[in-house]
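The values are calculated or read from the model by the stated rules, or taken from the named source; none is laboratory data. Since we're looking at a predicted model, the values are computed, not measured. Methodologically, a virtual Cβ is constructed for each residue, glycine included, from the backbone with ideal geometry; neighbour enumeration extends over all protein chains shown. Side chains included, ligands, DNA and RNA excluded: accessible areas come from the protein's heavy atoms. Shrake-Rupley method; radii C 1.70, N 1.55, O 1.52, S 1.80 Å.
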Amino acid sequence: MNIGCEKMNCEIQEKCGGCAYEKKQYAQQLKDKTEYVEKQLKKLKQNIKVNYCIGMENPYNYRNKGKYAFKNGKMGFFEEGTHKIVYAKCAIQNEKINQVADYIFELVKKYHISIYNEDTGKGFLRHVVIRYGFFTDEVMVIFVTTDGKMYKKQEIIKDLTTKFKEIKSIIQNINVRETNAILGNKNFKMYGTDFIMDKLGELKIKISPLSFYQVNPIQMKKLYDTAIDFAKLTGNEVVYDLYSGIGTISLSVAKNVKKVYGIEIVKDAVIDARANARMNNITNTSFMDGKVEELLPKLCSKEKADVIFVDPPRSGLDGKTIKTILKVKPKKLVYISCNPDTLVDNLFLLEKDYDIKVVQPVDMFPFTSHVECVTVLQLKQSM
């Protein structure tokens, strides 16, 4: 791997706040992230091996999702700590997303689309979200609006799809709430399909507007391959995949085990997970929609897991889920974390019953301060 001395060259890096490491050489970023994880894990009783952070050969243009706001005739990103809009072509977003975003802003001005005003609550267009299939070159455009029909809808569709043949889906998402959340819960198809496709290794993956999908598809493959390799599966295991999303981990694991059960709270994601399983002819997975803390105890009473994979939100595992895991005592727990702080909090509660074998940081977000970790826990011999 040729990890050199790359630094970011972004004209809004001082204002955006998205890339805290923009001034650091990439090799130094990996060193810093490794050392940060090591520092956090020293809070635990066990002496834990931390491998060096897995980086990217090209740490630019890796993001497959762009999120843009509108205000005062501008389209872009909120300046850190404010609601001021700043814009430049983002060096960590895929270039296709940057191109589509620029053209959408031209169309908004051309057709005089009404912009939502968060102070008065009036106006129509709130945000634009662009999703990109990294390995299929398919694009989804999501117009986030208040309720109602889009002015010049057909003209906008024609212009966009003529300019970009890669656009396979245009969605209107309705968000009428006074909230910082970008997306609402209602989606209406304006053009094409209500999903786009991407690939994860040999797997075909369906992505819907509200579904979670890792923003760095290149590193996602490394992350999951690392987790599966560390699990040392034999083919006979029953596996739980908690916070399973659209099934990316479940489907990646399925060929190596007897059965996989996935639990996910977002119903659209569960629908996609089931569709992804059918599309890939995978028959040994089962996906349930609901809260992990509520469904996990019920699942444990039916069929106990040999291995549990968890990939929780930044807040980590909740207390009830940890208690359930400690009660059923799977032989292995493979913890994929996007937040070393909450990872350590959870490991503190788990280390009484589990040996923490290894922690592998993976740089999913170059030039930012964030780092993911794969941690493998083995049930202690006396348990």
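Observations
- Residues (of a type in the set (Asp, Glu) and either within 20 Å of Ile182 (Cα to Cα) or in contact with an Asp or Glu (Cβ under 9 Å, 6 or more places away or on another chain) (or both)) located in the range 80-102: Glu80, Asp102
- Filter result (in a loop (DSSP other than H, G, I, E, B), farther than 30 Å from Gly201 by Cβ and open to solvent by 20 Å² or more (accessible area, probe 1.4 Å)) within the range 162-183: Val176, Arg177, Glu178, Thr179, Asn180, Ala181
- Single residue of the range 329-363 satisfying the filter (free of Cβ contacts under 8 Å to residues at least 40 places away in the same chain and open to solvent by less than 30 Å² (accessible area, probe 1.4 Å)) that is farthest from the chain's Cα centre (by Cα): Asp353
- Here is the figure for the range 43-64: residues that are β-branched (Val, Ile, Thr) and modelled with pLDDT of 95 or more total 2.
- Strands (runs of 3 or more DSSP E) contained entirely in the range 47-161, each with at least 3 residues that are without any contact (Cβ under 8 Å) to a residue 60 or more places away in the chain and open to solvent by less than 40 Å² (accessible area, probe 1.4 Å): 139-145
- Residue in the range 318-326 that is within 22 Å of Asn47 (Cα to Cα), surrounded by 14 or more Cβ atoms within 10 Å (Cβ to Cβ) and in contact with a strand residue (DSSP E or B) (Cβ under 8 Å, 6 or more places away or on another chain) present: no
- Selected residue (criterion: farthest from Tyr60 (Cα to Cα)) from residues of the range 216-256 that are of a type in the set (Ser, Thr, Tyr) and part of a loop (DSSP other than H, G, I, E, B): Thr234
- Once the range 195-213 is narrowed to residues that are farther than 12 Å from Arg131 by Cβ and outside any strand (DSSP E or B), the residue that is least open to solvent (accessible area, probe 1.4 Å) is Gly201.
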